[in-house]
1. Tell me which residues, restricted to the stretch 16-32, are under 17 Å from the mean Cα position of the chain (by Cα) and surrounded by fewer than 17 Cβ atoms within 10 Å (Cβ to Cβ).
2. Determine the pairs where a residue that is over 19 Å from residue 175 (Cβ atoms) and assigned to a loop (DSSP other than H, G, I, E, B), located within the stretch 86-108, has a partner that is of a type in the set (Ser, Thr, Tyr) and modelled with pLDDT under 95 with Cβ atoms under 8 Å apart, the partner being 6 or more residues away or on another chain.
3. Answer with yes or no whether residue 119 is closer than 20 Å to residue 196 by Cβ, surrounded by 18 or more Cβ atoms within 10 Å (Cβ to Cβ) and either touching a residue at least 24 places away in the same chain (Cβ under 8 Å) or hydrophobic (A, V, I, L, M, F, W, C) (or both).
4. Among the residues of the stretch 122-131, count how many are without any contact (Cβ under 8 Å) to a residue 60 or more places away in the chain and either under 17 Å from the mean Cα position of the chain (by Cα) or crowded, with 18+ Cβ neighbours inside 10 Å (or both).
5. Of all residues in the stretch 74-97, how many are touching a strand residue (DSSP E or B) at 6+ places or on another chain (Cβ under 8 Å) and more than 15 Å from residue 19 (Cβ to Cβ)?
6. Out of all the residues in the stretch 162-182, which are open to solvent by less than 60 Å² (accessible area, probe 1.4 Å) and out of contact with any strand residue (DSSP E or B) (no Cβ under 9 Å at 6 or more places or on another chain)?
7. Out of all the residues in the stretch 205-218, is one or more open to solvent by less than 20 Å² (accessible area, probe 1.4 Å) and touching a helix residue (DSSP H, G or I) at 6+ places or on another chain (Cβ under 6 Å)?
8. Can you tell me how many residues within the stretch 58-85 are assigned to a strand (DSSP E or B) and either hydrophobic (A, V, I, L, M, F, W, C) or open to solvent by 70 Å² or more (accessible area, probe 1.4 Å) (or both)?
Amino acid sequence: LTNIMTNNNIQISIITLTKNNCSNFLKTLKSLKSQNIKFNIEWLIIDGSEEQKLNKNKIYIDQNLKKKNKIFVKHINALKIKIEGIYPCMNYGKQKSRGKFIIFLNSGDTFFNKESLNIFFNNSLSIDSCKGIIFGQARIIANKKINWNFPSKRLKNIKLWLRFFEPNHQSMLIASNLAKSFDFPLQYNILADGYWKRKILNNASNIYYIKSPLVNFFLDGVSASKPSKKLFKE
């Protein structure tokens with residue numbers, strides 16, 4: 001791999017899930033590469049791809065991140081360690097992460113601009129490093145013409161909003177200790193993400209909201225995969 005994890009001073013762990021979609025993986029990789037950072041981050045990739053596409057992702061990593069000495073890459077073959085499914089992989093990834101804070105940015109998702117990680121990091125310096133949360137808006141992109149911010153830029157009362165909604169996990173920077181305190185409950189299937197975020201929000205010591213978009217969430221990415229009719233009914 002391009003970089004070997006040798007530095008314990010990792011500020012942010014970015015956890016990415018990918019499976020058999022090299023073009024989406026490359027899009028996320030290039031977004032990470034473009035970040036203007038002066039602190040150490042870990043990129044932990046849980047790759048469930050078949051061997052040919054997994055090797056292609058390895059080549060992308062080596063070609064694009066060779067000179068990015070602030071990014072420490074750990075590329076995990078999910079099939080080799082026998083982990084299947086989005087939420088088992090997310091649970092595995094956060095437990096293996098080494099950063100003070102973590103964020104999930106799945107294959108196909110990108111940062112909003114080159115300063116997104118800097119904004120996350122700078123704000124993390126003033127919150128509880130054990131139980132704090134920072135989140136910003138996610139730019140939801142349906143297609144080239146239809147997109148919107150979540151939460152809306154018109155929102156006035158974020159505390160009231162949080163009583164009824166949870167942010168996109170792509171837009172949440174969470175203290176590692178807090179994130180590791182709760183697992184995504186596998187028995188809840190498509191509700192596991194919302195359940196986990198609600199547990200995190202309810203147990204945070206402080207929550208800081210950044211009223212600007214920090215990530216792009218594409219409705220054709222891993223996180224937006226449509227469930228089967230049977231799973232949806234469950």
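The values are calculated or read from the model by the stated rules, or taken from the named source; none is laboratory data. The model shown is predicted, which means the values in this text are computed figures rather than measured ones. Quick reminder, even Gly has a Cβ in these numbers, built from the backbone with ideal geometry, and neighbours come from all protein chains shown. Quick note on the areas: whole protein, heavy atoms, side chains included, nothing else; ligands and nucleic acids left out. Shrake-Rupley method; radii C 1.70, N 1.55, O 1.52, S 1.80 Å.
1. Across the stretch 16-32, the qualifying residue is only 30.
2. 106/223; 108/223
3. Judged against the criteria, residue 119 is not a match.
4. Qualifying residue count for the region: 0.
5. Within the stretch 74-97, the first condition is being touching a strand residue (DSSP E or B) at 6+ places or on another chain (Cβ under 8 Å), and the residues that meet it are 74-78, 83, 86, 89-90, 92-94, 96-97.
Of the ones still in play, those that are also more than 15 Å from residue 19 (Cβ to Cβ) are 74, 94, 96-97.
Qualifying residue count for the region: 4.
6. Correct list: 182 only.
7. Yes: the stretch 205-218 contains one or more residues that are open to solvent by less than 20 Å² (accessible area, probe 1.4 Å) and touching a helix residue (DSSP H, G or I) at 6+ places or on another chain (Cβ under 6 Å).
8. Residues flagged as assigned to a strand (DSSP E or B) and either hydrophobic (A, V, I, L, M, F, W, C) or open to solvent by 70 Å² or more (accessible area, probe 1.4 Å) (or both) within the stretch 58-85 amount to 5.
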